[in-house]
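The values are calculated or read from the model by the stated rules, or taken from the named source; none is laboratory data. Please read all numbers here as calculations on a predicted model, not as lab measurements. Backbone-built Cβ (ideal geometry, glycine too); neighbour counts: all protein chains shown. Side chains are part of the model used for accessible areas, which takes the heavy atoms of the whole protein and leaves out ligands, DNA and RNA. Shrake-Rupley method; radii C 1.70, N 1.55, O 1.52, S 1.80 Å.
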Amino acid sequence: VAIGQATGEKKNEVVLAADILGISTLVALQNNQDPQGESPSALLGPFWRANAPDCACGDSIARSGTPGVPLFVSGVVRDGQGRPLADAMVDVWQASPVGLYENQDPTQENMNLRGRFRTDAEGRYHFRSVRPAGYPVPVDGPCGVLLKAQRRHPNRPAHLHFMVSKPGFKVLVSQVYADDDENLESDPTFGVTRRLIGRYALQPDGKSATLAYDFQLEPGETKFPRPPIP
Ligand SMILES: [Fe+2]
């Protein structure tokens, strides 16, 4: 009853309950089994926005001068036969180095840490950003009480969100987790699987990091989700 009563226009405690009980991730896993070796999917989450800025490969999505450890992300998008997919869209969004998405944080400009990239003729994408931080799921409602009763913490491990698409292929919604995060084994939404862990490699200068992560798409209907926020 409390979960229902805490749900309204601004907040969906029912979805949060499904997330922290593992139901959301279970449904995602059941609906995205990978017999052909497609990339694993992960939850869309509440922070995706449609129409993020179109960027050129190499651009930075940290547009607010966001302080943090510089991060260089690159990879290749392929089909089931391992052939590179040109002109695939790589839509990325992430929390800042203090764990806030731009729509939660008045110090970040609109659409900061969000961008859409197109793969080149060899299927490659690359962009610059800053390392994201983990963040807690909301604990101000009954789900917070439930987590506490279960002696679980609310902190999601740091991650980048990706939505990778190309007409004729299923839209891949995923998250790539930082391999050095202390909460990989205890994500409150049970979202981390081995294949979703990316290597955030600290460079010899000790001041920047790289992440290389490839995606493989499965042929099918190209259907985009409804954005949870405008
Ligand atoms: Fe997230």
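Right, Tyr213: within 23 Å of Met89 (Cα to Cα), touching a residue at least 24 places away in the same chain (Cβ under 8 Å) and more than 15 Å from the chain's Cα centre (by Cα) or not? The answer is no for Tyr213. Being assigned to a strand (DSSP E or B) and in contact with a Leu (Cβ under 9 Å, 6 or more places away or on another chain) holds for only one residue in Val139, Val173, Val90, and it is Val173. Here Gly115 clears all of (1) within 16 Å of the ligand (Cβ to nearest atom); (2) within 25 Å of Asn12 (Cα to Cα) except the condition numbered (2).
Among the candidates Ser41, Ser24, Ser96, single out the residue that is buried (at least 16 other Cβ atoms within 10 Å of the Cβ) and not in a loop (DSSP other than H, G, I, E, B). Show your work before the answer.
Numbers: Ser41 fails: not in a loop (DSSP other than H, G, I, E, B); Ser96 fails: not in a loop (DSSP other than H, G, I, E, B).
Of the residues listed, the single one that is buried (at least 16 other Cβ atoms within 10 Å of the Cβ) and not in a loop (DSSP other than H, G, I, E, B) is Ser24.
Which of the residues that make up the stretch 3-21 are among the polar types (S, T, N, Q) and either surrounded by 15 or more Cβ atoms within 10 Å (Cβ to Cβ) or within 26 Å of Ser41 (Cα to Cα) (or both)?
Start the filter on the stretch 3-21 by keeping residues that are among the polar types (S, T, N, Q), which leaves 5, 7, 12.
Of everything in the stretch 3-21, those that are among the polar types (S, T, N, Q) and either surrounded by 15 or more Cβ atoms within 10 Å (Cβ to Cβ) or within 26 Å of Ser41 (Cα to Cα) (or both) turn out to be Thr7, Asn12.
Listed here are the residues, each with its yes/no results for (1) in a strand (DSSP E or B); (2) more than 20 Å from Phe215 (Cα to Cα); (3) within 16 Å of the ligand (Cβ to nearest atom); (4) aliphatic (A, V, I, L, M).
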position: Ala133; (1), (2), (3), (4): no, yes, yes, yes
position: Cys143; (1), (2), (3), (4): no, yes, no, no
position: Leu147; (1), (2), (3), (4): no, yes, no, yes
position: Arg152; (1), (2), (3), (4): no, yes, no, no
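All of Gly141, Gly191, Gly198 fail the test of being out of contact with any strand residue (DSSP E or B) (no Cβ under 6 Å at 6 or more places or on another chain) and closer than 19 Å to Ser41 by Cβ, apart from Gly191. The residues listed here are Ala88, Ala95; of these, the one that is away from the ligand (no atom under 16 Å from the Cβ) and at pLDDT 95 or above is Ala88. Taking the stretch 194-209 as the range and being at pLDDT 95 or above and open to solvent by 50 Å² or more (accessible area, probe 1.4 Å) as the test, the residues that pass are Ile197, Arg199. Look at (1) part of a loop (DSSP other than H, G, I, E, B); (2) free of Cβ contacts under 8 Å to residues at least 60 places away in the same chain; (3) under 25 Å from Asp19 (Cα atoms) and you find that Phe47 fails only one, number (2).
Against the conditions (1) open to solvent by 30 Å² or more (accessible area, probe 1.4 Å); (2) without any contact (Cβ under 8 Å) to a residue 24 or more places away in the chain, Asp181 satisfies every one except (2).
With respect to Val192, is the statement that it is assigned to a loop (DSSP other than H, G, I, E, B), closer than 17 Å to Asp19 by Cβ and among the aliphatic types (A, V, I, L, M) true? Taking the combined requirement at face value, the residue satisfies it. In the stretch 99-116, what residues are crowded, with 23+ Cβ neighbours inside 10 Å and within 14 Å of Val164 (Cβ to Cβ)? If the condition is that a residue be crowded, with 23+ Cβ neighbours inside 10 Å and within 14 Å of Val164 (Cβ to Cβ), then Gly115 is the only one that fits.
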